[in-house]
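What follows draws every value from the coordinates through simple rules; no lab data is involved. Quick caveat: nothing in here was measured; it's all calculated off a predicted structure. Reconstructed Cβ throughout: ideal geometry from the backbone, glycine too, with neighbour counts over all protein chains shown.
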Amino acid sequence: MTTSSTQDLLPAELTMGTVMLKVGDMKVMGDYYQRALGLDIVAEQDGGLYLGRIGKPVVHLAPAAGLQIPGRGEAGLFHTAILFQDQPSLAATIATAAEYEPRAFAGSADHLVSEAFYFTDPEGNGIELYYDKPRELWQWDGTSVVMDNVALPPQRFLQQHLSEAAVTGQREAAAGVGHVHLQVGDVESAQKFYVDTLGFERTAGWHGQALFVSAGGYHHHMAMNVWNSRGAGPRRDTLGLGEVLIEVPGMDDVAALADRLKIAGVQNHHTGAELRFDDPWRNKLRVAVR
């Protein structure tokens, strides 16, 4: 965990907002997020779709015909992680996603702090569907949260938690972006930017190949890894990640971050209520008042 003062940290009440994806085929992608993941259209704007649950957008699909799908080793999105409030509502969406396209399933794991199931959308964007275990069950080793990859058989999970009520009420069950995981070129630069400059706290690492960061003692709001992308430079303009939204409680939080970015020499656009800037790999970030 960083030794910075609280003035140098992002607020504990921080939450992750909508993830914007640049999309080549709006029909195919819109169909996937609605039918496979059970998201509804919250708004239509500029030819794009905001999709979410109970009026809360989770993803923004923005038309970007003519752009290419990024290469596996490029910086960008590793996955958007959608957090469910309970295991039955998670199970209902795992079931619809698996039924819609079984080949999109990419694995599952018990991470000790959460239970997670992984999918890939039609344009190659990673998706995690997960449920957080109660915080009192999380274990901390000093300032690091204890996480692991323990086998989590999907069929057993569905047998234990899938119910007719959860399937029927799928779209009425809350879901939102719990964390965003990025591919970057190196972990050291990620730590300097996301911890030392932005003010996240480091909560875990993974053999020098991944970094997990959060605000307010969460296991992670963001993560960065080099599993596919070690040495990657700044991104090209491609399909995939368009923007990550981070939501904070007040304008003072935005202003404090703007000051830290200025001191660090990070170019940004500050409107008062929100702040736009790029990380070292040109992943676009927006911090706005919730």
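Figures for the structure shown
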item	result
Net charge over other residues, Cβ less than 13 angstrom from the Cβ of ASP121 (K, R count +1; D, E count -1)	-2
Residues ASP259 and GLU164, FRET efficiency given R0 of 51 Å [Cβ-Cβ distance, rounded to 0.05]	0.45
Choice from HIS60, HIS220, HIS111 showing the highest fluctuation, given a GNM over the chain with Cα pairs closer than 10 Å	HIS111
Residue of LEU14, LEU211, LEU158 that the Gaussian network model of the chain assigns the largest fluctuation, springs spanning Cα pairs under 10 Å	LEU158
Segment 42-77-segment 227-281 distance, computed between alpha-carbon centres (Å)	18 Å
Overall dimensions of segment 167-243 by Cα: Rg and Dmax, Å	14.9, 46
Measure of compaction for the chain (Cα Rg per 2.2 N^0.38 Å)	0.96
Set LYS192/LYS284; LYS133/LYS192; LYS56/LYS192 screened for pairs whose C-alpha atoms are more than 27 Å apart	LYS133/LYS192; LYS56/LYS192
For LEU14, net neighbour charge (Lys/Arg +1, Asp/Glu -1) across residues whose Cβ lies under 12 Å away	-3
Residue-span extension gain [ALA104 to GLU44] - 0.36 nm each, minus C-alpha spacing	19.0 nm
Label point 7 Å beyond Cα of ARG236 along Cβ direction - residues of segment 34-77 with amide nitrogen under 17 Å	64-77
D (Stokes-Einstein, µm²/s), Kirkwood Cα radius, segment 61-218, 1.002 mPa s at 20 °C	125 µm²/s
Estimated inter-spin distance, THR271 and ARG35, nm [label 7 Å along Cα→Cβ]	3.5 nm
Among beta bridges that DSSP assigns inside segment 6-289, antiparallel share in %, nearest 5	75 percent
Residues VAL244, VAL289, sorted so that the one with the fewest Cβ neighbours within 10 Å comes first	VAL289, VAL244
Max mean-square fluctuation residue, GNM over the chain, Cα-Cα springs under 10 Å, options ALA165, ALA273, ALA190	ALA165
Loop-located chymotrypsin sites (Phe, Trp or Tyr not before Pro) in segment 104-162, at most 10 other Cβ atoms within 10 Å (DSSP)	none
The chain - mean residue ellipticity at 222 nm from DSSP helices (-39,500 (n - 2.57) per run, n ≥ 4, rounded to 500)	-5000 deg cm²/dmol
Formal net charge of residues neighbouring ILE54 (Cβ-Cβ distance under 9 Å; K, R +1; D, E -1)	+1
